[in-house]
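Visitor: Below is one structure. I have some questions about it.
All of the numbers you see were taken from the coordinates with simple rules; none came from a lab. These numbers were taken from a predicted model, which means no experiment stands behind them. Neighbour counts are summed over all protein chains in view; Cβ atoms, including those assigned to glycine, are modelled from backbone coordinates with ideal geometry.
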Amino acid sequence: MKSIAVFCGANKGNQPWFEAAATELGTVLAQRGIKVVFGGGSVGLMGVLADAVLAAGGEITGIITHQLYGLELAHAGVKDMIVVESMSERRKLLIEGTDGIITLPGGYGSMDEHFEALTLAQLHQYKCPVGLLNLHGYYNPLLQMLDVMVENAFLKEQNRMLCIDAPTIPQLLEKMERYEHRAIEKWH
C-alpha cells in the first residue's frame, strides 16, 4: 500500500486510547512510507493524526471544504491542502487513488465516509481494503448490526466481508495487506 485514506473525527473522544491510536497510526504509516489522505482538520483525531504523520516525516494530504477552511479549522502544518466546495466532493477526493481506507473511532462524518466507501466497494467501484479500527470494542455494536443485516438478507455475506475490522493497528494493517493481495489476484 502506497497511500491510505484515514477517516477520523473532529473530536478526540473521552478516552486516552483514542488519541493514542491516532498518534500510533500516523507514526506507523509515515514510518512505512505510506502517504496519508485525511479530512484536513487541525482539531480532534484529525489534528492528532496529522501531527503524528508530520512529526515522523511522512507525506500527508488534506481535503477540506471551504466552509471548514473559513472557520480556520485547516491544519496549518499540512502543506498539501485541497479545498473543495462540498462534503460529497471531499468524500470522493479522500479515497480517489488510495490503496486502502482506515476508519478510526468517530461520529457521523466518519460513519458517512466509511459507509460510502463500503457501498463503492460493494459496487466494485472501489477495489481496495476498507478497514475499521475496532479499538476497545468501540465498533462492536456496528459490527453486530452488519451481521443482523446479513441474517435478515439485507446484506450478502461476501459484502459483509468488505468491512475489515481489527482491534489493533498492526492487526488491521495485516488484514488489509492480505485483502489487497487477494483483490489484486481477483481483479487482474
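Visitor: Can you pull out the residues in the range 137-183 that are part of a loop (DSSP other than H, G, I, E, B) and more than 26 Å from Phe18 (Cα to Cα)?
Guide: Answer for the range 137-183, where residues must be part of a loop (DSSP other than H, G, I, E, B) and more than 26 Å from Phe18 (Cα to Cα): Asn152, Ala153, Phe154, Leu155, Lys156.
Visitor: With the requirement that a residue be under 11 Å from Leu162 (Cα atoms), surrounded by 19 or more Cβ atoms within 10 Å (Cβ to Cβ) and of a type outside the set (A, V, I, L, M, F, W, C), what does the range 115-135 give you?
Guide: Residues satisfying the conditions are Tyr126, Pro129, Gly131.
Visitor: Please determine whether any residue of the range 39-58 is over 12 Å from Leu104 (Cβ atoms), charged (D, E, K, R) and in a loop (DSSP other than H, G, I, E, B).
Guide: Among the residues of the range 39-58, not one is over 12 Å from Leu104 (Cβ atoms), charged (D, E, K, R) and in a loop (DSSP other than H, G, I, E, B), which makes the answer no.
Visitor: While we're on this one: Just the residues that are in contact (Cβ under 8 Å) with a residue 24 or more places away in the chain and either surrounded by fewer than 17 Cβ atoms within 10 Å (Cβ to Cβ) or touching a strand residue (DSSP E or B) at 6+ places or on another chain (Cβ under 7 Å) (or both), please, taken from the range 9-22.
Guide: Within the range 9-22, Ala10, Asn11, Gln15, Trp17, Ala21 meet the criteria.
Visitor: Pairs, please: C-beta under 8 Å, at least 6 apart or cross-chain, first residue closer than 17 Å to His114 by Cα and in the range 141-164, second surrounded by 15 or more Cβ atoms within 10 Å (Cβ to Cβ) and hydroxyl-bearing (Ser, Thr, Tyr)?
Guide: Partner pairs satisfying both residue conditions: Ile164/Tyr179.
Visitor: Only residues in the range 65-80 that are surrounded by 11 or more Cβ atoms within 10 Å (Cβ to Cβ) count as the first member; pair them with residues that are basic (Lys, Arg), Cβ under 6 angstrom, at least 6 apart or cross-chain, and list the lot.
Guide: Qualifying pairs under 6 Å: Thr65/Arg90.
Visitor: In addition: Identify all residues within the range 89-115 that are of a type in the set (D, E, K, R), in contact with a helix residue (DSSP H, G or I) (Cβ under 8 Å, 6 or more places away or on another chain) and closer than 21 Å to Ile60 by Cβ; write none if there are none. Give the derivation first.
Guide: Going through the range 89-115, the residues of a type in the set (D, E, K, R) turn out to be 89-92, 96, 99, 112-113.
Among the residues that remain, those that are also in contact with a helix residue (DSSP H, G or I) (Cβ under 8 Å, 6 or more places away or on another chain) are: 91, 99, 112-113.
Hits for the range 89-115 are Arg91, Asp99, Glu113.
Visitor: For Glu96, all conditions in the list (1) farther than 22 Å from Ala20 by Cβ; (2) touching a residue at least 24 places away in the same chain (Cβ under 8 Å); (3) exposed (fewer than 14 other Cβ atoms within 10 Å of the Cβ) hold save one; what is the number of the exception?
Guide: (2)
Visitor: Out of the range 23-33, which residues are of a type in the set (Val, Ile, Thr) and touching a residue at least 60 places away in the same chain (Cβ under 8 Å)?
Guide: Val28
Visitor: Report the residue count in the range 8-32 for those that are closer than 10 Å to Leu104 by Cβ and either aromatic (Phe, Trp, Tyr) or not in a helix (DSSP H, G or I) (or both).
Guide: 4
Visitor: In the set Gly41, Gly26, which member is within 18 Å of Met1 (Cα to Cα), touching a helix residue (DSSP H, G or I) at 6+ places or on another chain (Cβ under 7 Å) and not hydrophobic (A, V, I, L, M, F, W, C)?
Guide: Values: Gly41 fails: within 18 Å of Met1 (Cα to Cα).
Exactly one residue qualifies, and that residue is Gly26.
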